[in-house]
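J.: Got a structure here, written out as structure tokens. Questions coming.
The values are calculated or read from the model by the stated rules, or taken from the named source; none is laboratory data. Predicted, not measured: the structure shown is a model, and the values here were computed from it. Glycine also receives a Cβ, built like all others from the backbone with ideal geometry; neighbour counts cover every protein chain displayed. Keep in mind that these areas ignore ligands, DNA and RNA; they rest on the heavy atoms of the full protein, side chains included. Shrake-Rupley method; radii C 1.70, N 1.55, O 1.52, S 1.80 Å.
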Amino acid sequence: MLWKRDRLFCDINPVFYKISRQKEIIKRHLKNLFRNDRFAVKRQKEKLPNTVHEHTNNLIKRAKGVDITTQLNKAVNIELACRELNGLLIGRGETFSFWKIIGDTTEKKGYKAGRVLVSNRLKPGIGGGLCNLANSIHLVVLHSQLEVTEFHGHSDALAPDEGKRVPFGVGTSVSYNYIDYRFKNTTDQDFQLLCRCEDEKLIVELRSERELPFKYRLVEEDHHFRKENENYYRISKIYREIIDRKTDREVKKELILDNHSKVMFDYSLIPEELIRN
């Protein structure tokens, strides 16, 4: 086999990939030991009184070119993770860590082979599909004053859109434990995360002790697809509008994602009216 200098160690074969992954897992454990973060770990059944934002999306995509087996397995994986997350309190000064709560996604725990993105390729992997859960959490967090401290994006075009497009639909990458999703509660009140699955829907809700002084709205502008060399990309700009709750006036509009995502599904399924030169 010819060696290519630009190939990463983890790309040589699956064994080397596992070695590289384990190295990154150990590094993250060590970082956690030496950081001063107070991680949120307490759960309670009683709901905090105020609903900040709720997001619902389909657990299973049924569309041309989408593998139904990995979709069904993804639904199982998300439901297992929701059981660990549901009711979690994020107290004042505490940090939420996706993997701190869920832990490693192993077959022994019941996790199945869902779809994962490795080296820009989609493939089955145990625990696959949890990026959908992480992203749903991210979407509700963006409707609050909570401070996102770790975020990793991946392609926003893994599969064709179903119905009305949701900005930032599937853009949060997570992989145990070194690719995490984290946010910190820097406010003067506690928050609570509720996650559940019912009727093939994932429902994620963020609650707080009191009503927030601002409302938040995500807006996508200039959404289209463009061919670059041999590949198509989804392109858009996604903004967060911050609105004063008392006056209903916009206080701030901030760019949160300059989206340039490689399309990972059949190009024939791209809506022709959205393709630009």
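J.: Being in contact with a strand residue (DSSP E or B) (Cβ under 7 Å, 6 or more places away or on another chain) and either open to solvent by 60 Å² or more (accessible area, probe 1.4 Å) or farther than 30 Å from V52 by Cα (or both) is the requirement here; does V116 meet it?
T.: yes
J.: Next up: Residue by residue through segment 59-75, note down the ones that are under 17 Å from the mean Cα position of the chain (by Cα) and either assigned to a helix (DSSP H, G or I) or aliphatic (A, V, I, L, M) (or both).
T.: Those that are under 17 Å from the mean Cα position of the chain (by Cα) and either assigned to a helix (DSSP H, G or I) or aliphatic (A, V, I, L, M) (or both): L59, I60, Q71, K74, A75.
J.: Turning to a different aspect of this structure: Please report, ordered by residue number, the strands (runs of 3 or more DSSP E) entirely within segment 191-277 with at least 1 residues that are within 23 Å of T56 (Cα to Cα) and polar (S, T, N, Q).
T.: Where strands (runs of 3 or more DSSP E) fall fully within segment 191-277 and carry at least 1 residues being within 23 Å of T56 (Cα to Cα) and polar (S, T, N, Q), they are 191-198, 201-208, 231-244, 250-262.
J.: Which one of these is assigned to a strand (DSSP E or B) and within 15 Å of the chain's Cα centre (by Cα): T56, T51?
T.: Working: T51 fails: within 15 Å of the chain's Cα centre (by Cα).
Matching residue, one of T56, T51: T56.
J.: Among the residues of segment 65-77, is any free of Cβ contacts under 8 Å to residues at least 60 places away in the same chain, over 23 Å from P167 (Cα atoms) and open to solvent by 90 Å² or more (accessible area, probe 1.4 Å)?
T.: no
J.: Something else about it: Restricting to segment 21-52, name every residue that is open to solvent by 70 Å² or more (accessible area, probe 1.4 Å), aliphatic (A, V, I, L, M) and in contact (Cβ under 8 Å) with a residue 60 or more places away in the chain.
T.: Residue satisfying the conditions is V41 alone.
J.: Right, here's the next one. Among A134, A157, which is the only one that is within 16 Å of the chain's Cα centre (by Cα), surrounded by 21 or more Cβ atoms within 10 Å (Cβ to Cβ) and in a helix (DSSP H, G or I)?
T.: It is A134.
J.: What pairs can you find where one residue is in segment 220-231 and over 10 Å from L274 (Cβ atoms) and open to solvent by less than 50 Å² (accessible area, probe 1.4 Å), the other is of a type in the set (K, R) and assigned to a loop (DSSP other than H, G, I, E, B), and their Cβ atoms are less than 9 Å apart, with a gap of 6+ or different chains?
T.: Note: pairs meeting the criteria are E220/R165.
J.: Another question, if that's okay. Restricting to segment 175-203, give me the number of residues that are farther than 19 Å from H55 by Cα and of a type outside the set (G, A, S).
T.: 12
J.: Taking interchain pairs and intrachain pairs at least six residues apart, which have beta carbon atoms under 8 angstrom, with the first residue in segment 244-267 and farther than 19 Å from E230 by Cα and modelled with pLDDT of 95 or more and the second among the β-branched types (V, I, T) and open to solvent by 80 Å² or more (accessible area, probe 1.4 Å)?
T.: Taking only residues 6 or more apart or on different chains, the pairs are D244/V251.
J.: Taking F96 as meeting all but one of (1) under 17 Å from H152 (Cβ atoms); (2) part of a helix (DSSP H, G or I), write down the number of the exception.
T.: It fails just one condition, (2).
J.: Scan I101, I78, I90, I126 and give me the residue that is β-branched (V, I, T) and at pLDDT below 95. Don't jump to the end; show me each part of the working.
T.: Numbers: I101 fails: at pLDDT below 95; I78 fails: at pLDDT below 95; I90 fails: at pLDDT below 95.
Answer to the selection: I126.
J.: Open to solvent by 80 Å² or more (accessible area, probe 1.4 Å), touching a strand residue (DSSP E or B) at 6+ places or on another chain (Cβ under 7 Å) and over 27 Å from V76 (Cα atoms) - does that describe any residue in segment 196-209?
T.: Looking for residues that are open to solvent by 80 Å² or more (accessible area, probe 1.4 Å), touching a strand residue (DSSP E or B) at 6+ places or on another chain (Cβ under 7 Å) and over 27 Å from V76 (Cα atoms), one finds none in segment 196-209, hence no.
J.: In addition: Mind checking which pairs have a first residue in segment 85-107 that is of a type in the set (F, W, Y) and a second that is buried (at least 18 other Cβ atoms within 10 Å of the Cβ) and part of a loop (DSSP other than H, G, I, E, B), Cβ under 6 Å, 6 or more apart or different chains?
T.: Close Cβ pairs satisfying both conditions: F96/A40; F98/V174; F98/D180; F98/Y181; W99/Y176; W99/N177; W99/D180.
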